[in-house]
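For reference, the structure discussed in these notes is given below.
The values are calculated or read from the model by the stated rules, or taken from the named source; none is laboratory data. These figures come from a predicted structure and were not determined experimentally. Backbone-built Cβ (ideal geometry, glycine too); neighbour counts: all protein chains shown.
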Amino acid sequence: MEIKFGPSGNSDSFYAEGKKNTLEAPKWLKEKGLNAFEYSFGKGYLMSSETAVKLGDAFENENITLSLHAPYFINFANPNEEMYEKTKSYFYTGIKFMNNMKSNRLIFHPGSCGKQDRDDAVKLIDLRMRKFCEELNSDNLLNNLFLCPETMGKYMQIGTWKEIIDLCTIDSHLLPTFDFGHINCVMQGGLNSVDEYKKIFDYCFEKLGEERTKNCHVHFSKIQYSSKGEIKHLTFEDQTYGPNFEPFAETIALYNLTPHILCESKGTMAEDAITMKEICKKFIDK
């Protein structure tokens, strides 16, 4: 396995260079030395099956690994059963798009507390995820696919790094997405040393084993935060908010990790992904 680097979405520079369609992204990314891309269906699956197949073929032809982000509407913690059925439908549709686009990772937000106590919301997500994974496995829908719950950046959202790792113990088709910008927001800037990263990965090795830990999914960007958590994504030029990439790069080298690292900087996703690749190489080559 190798480390994958790439953007989540198209950078401003992609369009500034005259590109107009994501079908042009695979070749553009390959020319820049990147090998991953995340396509977001955050606002819904607003794409035809024909376009999905074309995109999947385009990324495969350039050897760019493609991950998908499920709609933001997903909430396994919503006590309303009708809303839970809608959440499930987003996954069934997502799996169809994964197959059409030759992607094997679907990233999703687990849910929010709403008016519930946090413990009750976490328990509800756990219960529903267990039942849902049983349904998907009984229908042989997952096979070599991974559903990837993401760490979240606001306190009312379910998704601390420990909550996400614990959730992934439910089924081998669950793979953690560590959004280290989000984690840093929740920690109020505390994700600033190798030791902090080691805590996360030591726990992950213990709970999920070597393969899923080493090959985890990662979102990385600097993010402005307040006392309530995440405010907005920034670029690597920002010197006020973190996290800085170097401690994570050192952790990658120490633990021989091979994650897929998708950059979510504001407008400079590809450029900052290239920077991360260069920083990582320095630590690995030491």
Considering only residues that are over 30 Å from D117 (Cα atoms) and either surrounded by 19 or more Cβ atoms within 10 Å (Cβ to Cβ) or under 17 Å from the mean Cα position of the chain (by Cα) (or both), which ones fall in the range 72-101?
I95, F97, M98, N100, M101
Go through T251, T258, T275 for me and flag whichever is in a loop (DSSP other than H, G, I, E, B), of a type in the set (V, I, T) and surrounded by fewer than 24 Cβ atoms within 10 Å (Cβ to Cβ).
T258
Please verify whether N137 is modelled with pLDDT of 95 or more, surrounded by fewer than 20 Cβ atoms within 10 Å (Cβ to Cβ), within 27 Å of N78 (Cβ to Cβ) and not β-branched (V, I, T), treating the condition exactly as stated.
yes
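Here is a yes/no grid of residues against (1) modelled with pLDDT of 95 or more; (2) surrounded by 23 or more Cβ atoms within 10 Å (Cβ to Cβ); (3) not hydroxyl-bearing (S, T, Y):
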| position | (1), (2), (3) |
| --- | --- |
| T151 | yes, yes, no |
| K154 | yes, no, yes |
| G159 | yes, yes, yes |
| G181 | yes, yes, yes |
| Q188 | yes, no, yes |
| Y197 | yes, yes, no |
| E210 | yes, no, yes |
| K214 | yes, no, yes |
Only listed residue being out of contact with any Ser or Thr (no Cβ under 8 Å at 6 or more places or on another chain) and more than 24 Å from M276 (Cα to Cα), chosen from T22, T51:
T51
Name the pairs: first residue in the range 82-109 and over 20 Å from C168 (Cβ atoms), second residue part of a helix (DSSP H, G or I) and of a type in the set (A, V, I, L, M, F, W, C), Cβ to Cβ under 7 Å, at least 6 apart or on different chains?
F97/A52; N100/A52; N100/V53; M101/A52; M101/L55
